Amino acid sequence: MARTSTSFGGAITTTGRSGALRLDKAFFSSHPEFRVKAKLRVHHIGPGQALVSVEEAPKDGEMEAPDPVVSAYLAFLEKDMASNPGALSQFTGAELDALSERLKGVLVTDDEVLPGDVTF
């Protein structure tokens with residue numbers, strides 16, 4: 001079964017001395033978080049690919065805004081799991097045993113802070 005995502009057309013144009021992305025009005029009707037005057041952040045993620053996010057200030061206690069690529073991937077997974085719950089399955093006993101074997105000796109605590117130069 002083929003899966004499709006919602007897509008909208010647009011064009012690259014100019015406005016004054018700036019470049020601009022023009023998107024179909026239907027996009028803004030479907031996604032009100034992209035309201036007029038919202039501040040945006042654009043991340044180049046590969047040739048011909050960009051991720052556009054509404055820029056939000058970090059919440060109290062957060063050191064910086066969440067990674068936009070990870071956030072987009074998690075949102076994709078959430079939508080996919082909600083629309084295709086039959087594709088989810090539990091780990092088998094053998095898979096859990098294999099994971100346990102690979103993680104033997106790895107110690108993790110909830111209060112552990114990763115250094116700032118760690119990348120995933």
Might you check whether a residue that is among the acidic types (Asp, Glu) and at pLDDT below 85 occurs anywhere in segment 23-30?
no
Just the residues that are assigned to a loop (DSSP other than H, G, I, E, B) and either surrounded by 10 or more Cβ atoms within 10 Å (Cβ to Cβ) or at positive phi (or both), please, taken from segment 5-23.
Phe8, Gly16
Enumeration of residues in segment 31-74 that are modelled with pLDDT under 85 and part of a helix (DSSP H, G or I)
Pro68, Val69, Val70, Ser71, Ala72
Within the set of pairs 6 or more residues apart or between chains, which connect a residue that is modelled with pLDDT of 85 or more inside segment 87-114 to a residue that is surrounded by 10 or more Cβ atoms within 10 Å (Cβ to Cβ) and not aromatic (Phe, Trp, Tyr) with Cβ atoms less than 6 Å apart?
none
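The values are calculated or read from the model by the stated rules, or taken from the named source; none is laboratory data. No experiment lies behind these values; they were computed from the predicted model shown. Every residue, glycine among them, receives a Cβ derived from its backbone with ideal geometry; neighbour counts consider all protein chains shown.
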